Each structure stands twice: as C-alpha cells, then as structure tokens.
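I have placed the structure first, in the form of structure tokens, so that the comments after it can refer back to it.
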Amino acid sequence: MDKQSSTLNIAAVIPARGNSKGIPRKNVRPIAGLPLVAHSILDCRESQLVDQVFVSTDDLEIERVAEQYGATVIQRPAAIAGDNASSESALIHALEEIEAKHFQPDLIVFLQCTSPVRTGADIDQAIRQLQATDADSLLSVSPSHRFLWQAKEGEAVSINYDYRQRQRRQDLAPQYVENGSIYIFKPWVLKTLKNRLGGKISLFCMDEKAAWEIDSLLDWKILELLLTSDN
C-alpha cells in the first residue's frame, strides 16, 4: 500500500524478546492465524504515515519472522534483553541504531506485541492527534468505569469515588486506563528523560477492547477471540 507523503520521518519500533516466562515463545506463537509479533508489524505496514518498522530482538526465530513480514531487524544486545531489562533500554538502543544506520526520525511509534488490538488507521489517527495538539508524546488509553480501592495502613480506601455518596458508573468523571497499544514520542523525550513519555502528553482514546493485554493464557484466548471477531 502506498504511503501518504509526509514532512515527518516516522519510525516504528517493536521490542520482542525471545525469552518469555508467562507464555513461552509468545512473540512467535500463532494467534488469529499469525505469529504474535506479526500483528504489530502489519499494523505499521498498514499505516499511511509510518516510514519504516523496526523489530528489536535478541532471538533468531523472531528475526526470521520479523523479516518475513516486512520489518527491519535491530539486534538487541543480551545485556538489555533479560527479564529485568526495561522497554526504555531497548528503545534507546533502537533509536541509536536507527539514527546511525537508517535515518533521523522526527517521531518514534512504539508498539507492544502484547497489546495487539489496533489497526494502521489507529496509528495514523494517533500520529495526527499528537501533531494537532502540539504534544511531545502520546499514549493510547481505553475508558474505565470501575470503582477503585486500595489498602492503606490496614484499611480499605476508595480511590476514585466517595463510597458514602455512591454514583452510577456512567456518572463518574471520565477516567482512562493505559492500554499499552500505542506510544508515540519525539526523540528528545527518550534521549533527555530516558522515558517514553514526557513534555506535553496527549491521551489517544481507543475502545474498551483495546485494553486487553496478553499476560496469561486466559488473556491469550480472549485476545484471539477479539482479533478474529468482526465486531
């Protein structure tokens, strides 16, 4: 599909480690007919605004799958591929590689394989929203209508409502949950703050089904239903 002309250079980065304990080999495990990592790659390729998609990985099988579906591979060092390595460490390394070997991006789109309920159109809308709001970074969210509590000094405390004056859920002030599907940031945010978010932050609202993330086999089954549903 032909890309739309844009004055911005936009790179997408998808971190995908080979070692995953909760669901072994999840990034190459088929879901809805495709390896999990392929869904995010194809979302980027469907986008009209993303110029190139990169997969950061330490795993040869993920490399092969990524290249098969049209991504450029960034080989992630073992030092930042362990269980305790942060996504930010992979993003910083990827940005350095992109700038040194490919081009100077104006924006980075960061996608997590484990939040695959999105489309290329979602990515484009998020990019346009960041530009329209003159934001420095953006995260995708889904609406939340839950009553939240926490335990504080041995007592139950209501967080987002007063239980003594219980409201209907639909009457609560709008609240959102970070859904992990799309992050966008200007390179200076990551370089300066070592964080995917910073400066002026924009919220990109998606529907509630986008809030599902794969952390367990139950999540996997639910996401497979969502990805294969026409609704």
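Laboratory data are not the source of any read-out in this text; all were calculated from the coordinates shown. Just so it is clear, the structure is predicted and the values come from calculations on it, not from any experiment. Reconstructed Cβ throughout: ideal geometry from the backbone, glycine too, with neighbour counts over all protein chains shown.
Against the chain, whose longest principal axis is taken from its Cα atoms, helix 120-132 shows a tilt of about 80°. Exceedance of the 23 Å cut-off in Cα-Cα distance is limited, within the set Lys186/Lys221; Lys101/Lys194; Lys26/Lys191; Lys26/Lys221, to Lys186/Lys221; Lys26/Lys191.
Helix 36-46 and the longest principal axis of the Cα set of the chain meet at an angle near 80°.
Using only side-chain charges placed at the Cβ, +1 for Lys and Arg and -1 for Asp and Glu, the dipole size of the chain relative to its Cα centre rounds to 420 debye.
Helix 217-228 and the long axis of the chain differ in direction by around 70°, with both axes built from C-alpha atoms.
Legend: ranking of residues Thr72, Thr57, Thr228 from fewest to most surrounding C-beta atoms inside 10 Å; resulting order Thr228, Thr72, Thr57.
Under the simplified labelling scheme, the Ser158-Arg146 pair shows an inter-label distance of 1.7 nm, with each label point 7 Å from Cα along Cα→Cβ. Listing Tyr69, Tyr183, Tyr176 from fewest to most neighbouring C-beta atoms within 10 Å gives Tyr176, Tyr69, Tyr183. Rounded to the nearest Hz, the phi-derived 3J(HN,Hα) couplings of region 156-168 under the Karplus curve 6.51 cos²θ - 1.76 cosθ + 1.60 (θ = phi - 60°) are 7, 10, 6, 9, 10, 7, 9, 4, 6, 10, 4, 9, 5, where x marks glycine and proline. Based on alpha-carbon atoms, the Kirkwood radius and the radius of gyration of the chain give Rg/Rh equal to 0.99.
Note on the chain: helix-only mean residue ellipticity at 222 nm, from DSSP H runs of 4+ residues weighted -39500 (n - 2.57) and normalised by residue number, equals -9000 deg cm²/dmol. Extension gain for Glu99-Asp83 works out to 3.1 nm (0.36 nm per residue, less the C-alpha to C-alpha distance).
Can you sort Val28, Val37 so the residue with the fewest Cβ neighbours within 10 Å comes first? Write down the numbers at each step before the final one.
Working: Val28 20, Val37 26.
Final ranking by Cβ density, sparse to dense: Val28, Val37.
The distance linking region 3-44 with region 98-158 is 16 Å (Cα centroid to Cα centroid, whole angstrom). The simple spin-label model puts a point 7 Å past each Cα toward its Cβ; for Arg29 and Leu217 those points are separated by 0.8 nm. Name the residue, out of Phe147, Phe110, Phe54, whose mean-square fluctuation peaks in a Gaussian network model built on the chain with Cα pairs under 10 Å. Looking only at Phe147, Phe110, Phe54, the biggest GNM fluctuation is shown by Phe147.
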